[in-house]
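Notes follow the structure.
The values are calculated or read from the model by the stated rules, or taken from the named source; none is laboratory data. What you see is a predicted model; the values in this text were computed from it and never measured. Glycine also receives a Cβ, built like all others from the backbone with ideal geometry; neighbour counts cover every protein chain displayed.
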Amino acid sequence: MFEQYPVIVVMAPLLAAALCAVVRNERWCWILALSVSFTSLVGALSMLGYIDGEAGFISYALGGWIPPYGIEYRVDTLAVYILILVSFLATGVLFYGRQSVRAEIPENLQGWYYCMYLLCLCGLMGIAITGDAFNAFVFMEISSLSMYVLIALGRDRKALAAAYQYLIMGTVGATMYVIGVGLLYTVTGTLNLVDMGERLNPIMDTRAALAGMAFIIVGLSLKLALFPMHLWLPNAYAFAPSVTTAFLSATATKVSIYLLLRYLYSVFGFDFVANHSPVPAVMLVLSLLAIFVGSFTAIFQENVKRMLAYSSVAQIGYITLGIALANGAGLVGGLVHVFNHALMKGALFMLVGGIAFQIGTVRIEDMAGIGRKMPLTMLGFVTGALCMLGVPGTVGFVGKWYLAVGAIQNGWWWLVALIMISSLLVLVYMGRVVEIAYFRERPRGAVELSEPPKAMIVTSWVFILACIYFGIDTSFTLDTAESAVEILLAPKP
């Protein structure tokens, strides 16, 4: 059974999605989606134990075709790190969001919603596990097409425009990616990522290889919403259903970052990227712009989901800053922040979804006085804000600490100062929400408020407590990230 786990974690969501499309009963579709997501999580955790205990990676040859001639599912420490992240978030969001889906999605579309959710999970898990360049494109399209639907099902009519904007930019990104893969295939004759890396090693400075590298980096940068290619993200997060926003913000961009890391260091090679290409310098500039422009823009938002969306643009900048530092500590900081930001932003969007469920709006001004009416929700929000700020003892501190260490290793003390200054901007835009929620009165005649349903508040607090736990006990995130960085920085044969 164990040797089938690599294919089970991908095929189970795909088959369950097909079953949901046939059944379309909200109750049974939710149970099936939750069960399959949990099964994928168990499979990912089991593979992590095997990799740590007996082998450096797991290779699964689909159809018995031995790589590089057939499609390979290859699970190493980095891949299983992302698999655990995606399946854990998918399970948590489903447990959280059933009542939110009932409130925000028309009854006749709720079964289809879970169908699309499972397809999205299948695509994201497939991107993380596949060792084939074109197969990654196929899974990218599966996840993207289902995401467009998940966004468009929002009750706000602006959700349709947001989904269309995401579709256009996502299609451009995917097209650039597949053009890059085609160029690399012409010079290597293979689509297997490990084999492609070995064959590119002596010819990496050729024109076709460099062009392929450029297309792939730009295409994936669109997918991960790196500034200034982030324009699809704010509207997608702001107008999508609350469950979609929580899942999308915590997983989609993280998987694209994973794929970019896989290409930069496993395929193109750390030595070439760091020492013979402009990638680190360009990433440094774009990352700093993302951090400061995203944070400043968040300050002036009136929609709390849109504010958190621009905050995500800034947090993605911290992750790509780890790539720009081009050293072990920086990459560890970036990878740890991938996991930690997913927890923070997933928790915050869940809490905001609970607020929207109770008051029917996500405008910051309409949140006046809810701190006394929804104390657990707002306490969770304040804790999440402290995590985003990077207070010691929270997950937000861990990644920024290692980024600062990476900057010091490069002798860039000015960058340490910028990281500290940018963190204070979080205090400004999150502080606006806290001030309105606690220090302003509810309008006269406003409906009486209470906490969201138990499933929503309990799940949100599980993620908030995880933000504290993984900020204190960093053994899983740091050890796994350090092992993954060793794989990424290993010299190419």
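Looking for whichever is modelled with pLDDT under 90 and part of a helix (DSSP H, G or I) here; the options are A214, A136, A209, A128. Which one fits?
Testing whether each residue is modelled with pLDDT under 90 and part of a helix (DSSP H, G or I) leaves just A209.
Could you check segment 399-456 and list, in sequence order, the residues that are among the β-branched types (V, I, T) and closer than 19 Å to R363 by Cα?
Matches in segment 399-456: V426, V428, V433, V434, I436, V447.
I'm trying to understand the selection: among the residues of segment 260-294, which are within 21 Å of A484 (Cα to Cα), small (G, A, S) and part of a loop (DSSP other than H, G, I, E, B)?
Of everything in segment 260-294, just one residue is within 21 Å of A484 (Cα to Cα), small (G, A, S) and part of a loop (DSSP other than H, G, I, E, B), namely G269.
Given the conditions (1) buried (at least 24 other Cβ atoms within 10 Å of the Cβ); (2) closer than 22 Å to Y177 by Cα; (3) aliphatic (A, V, I, L, M), report the number of the one that I291 does not fulfil.
Checking I291 against (1) buried (at least 24 other Cβ atoms within 10 Å of the Cβ); (2) closer than 22 Å to Y177 by Cα; (3) aliphatic (A, V, I, L, M), the one that fails is (2).
Hey, among the residues in segment 65-84 that are of a type in the set (A, V, I, L, M, F, W, C) and surrounded by fewer than 24 Cβ atoms within 10 Å (Cβ to Cβ), which one's nearest to V458 (Cα to Cα)?
So, considering only residues that are of a type in the set (A, V, I, L, M, F, W, C) and surrounded by fewer than 24 Cβ atoms within 10 Å (Cβ to Cβ), the one nearest to V458 (Cα to Cα) is I84.
Which count do you get for residues in segment 159-171 that are surrounded by fewer than 16 Cβ atoms within 10 Å (Cβ to Cβ) and either of a type in the set (S, T, N, Q) or in contact with a Leu (Cβ under 7 Å, 6 or more places away or on another chain) (or both)?
Qualifying residue count, segment 159-171: 1.
Which condition does I364 not pass, out of (1) modelled with pLDDT under 90; (2) under 24 Å from the mean Cα position of the chain (by Cα), if it passes all the others?
Only one criterion is unmet by I364, namely (2).
Considering only residues that are in contact with a Leu (Cβ under 8 Å, 6 or more places away or on another chain) and either among the hydroxyl-bearing types (S, T, Y) or assigned to a helix (DSSP H, G or I) (or both), which ones fall in segment 233-242?
Within segment 233-242, A236, Y237 qualify.
If D473 meets every condition in (1) farther than 24 Å from I359 by Cβ; (2) touching a residue at least 24 places away in the same chain (Cβ under 8 Å) apart from one, which number is that one?
Of the numbered conditions (1) farther than 24 Å from I359 by Cβ; (2) touching a residue at least 24 places away in the same chain (Cβ under 8 Å), the odd one out for D473 is (2).
For segment 324-340, state whether one or more residues are free of Cβ contacts under 8 Å to residues at least 60 places away in the same chain and touching a Ser or Thr at 6+ places or on another chain (Cβ under 8 Å).
Yes, the conditions are met somewhere in segment 324-340.
Could you list, in sequence order, all residues of segment 1-22 that are out of contact with any helix residue (DSSP H, G or I) (no Cβ under 6 Å at 6 or more places or on another chain) and more than 22 Å from A128 (Cβ to Cβ)?
L19, V22, listed by residue number.
Out of the residues in segment 295-324 that are among the aromatic types (F, W, Y) and surrounded by 23 or more Cβ atoms within 10 Å (Cβ to Cβ), which is farthest from A481 (Cα to Cα)?
Among those that are among the aromatic types (F, W, Y) and surrounded by 23 or more Cβ atoms within 10 Å (Cβ to Cβ), it is Y310.
Of the residues E482, E435, only one is assigned to a helix (DSSP H, G or I), closer than 30 Å to V75 by Cβ and not hydrophobic (A, V, I, L, M, F, W, C); which?
The unique qualifying residue is E482.
Could you tell me which numbered condition D156 fails, if it satisfies all but one of (1) outside any helix (DSSP H, G or I); (2) farther than 30 Å from T175 by Cα; (3) of a type in the set (D, E, K, R)?
D156 satisfies every listed condition except (2).
Return the total of residues in segment 66-78 being under 15 Å from Q4 (Cα atoms) and of a type in the set (F, W, Y).
Qualifying residue count for the region: 1.
Being crowded, with 19+ Cβ neighbours inside 10 Å and more than 26 Å from S87 (Cα to Cα) narrows it down to one of G131, G126, G111, G197, so name that one.
G197
Looking at (1) under 22 Å from the mean Cα position of the chain (by Cα); (2) under 17 Å from L85 (Cα atoms); (3) crowded, with 17+ Cβ neighbours inside 10 Å, which one does A17 not meet, given that it meets all the others?
Only one criterion in (1) under 22 Å from the mean Cα position of the chain (by Cα); (2) under 17 Å from L85 (Cα atoms); (3) crowded, with 17+ Cβ neighbours inside 10 Å is unmet by A17, namely (2).
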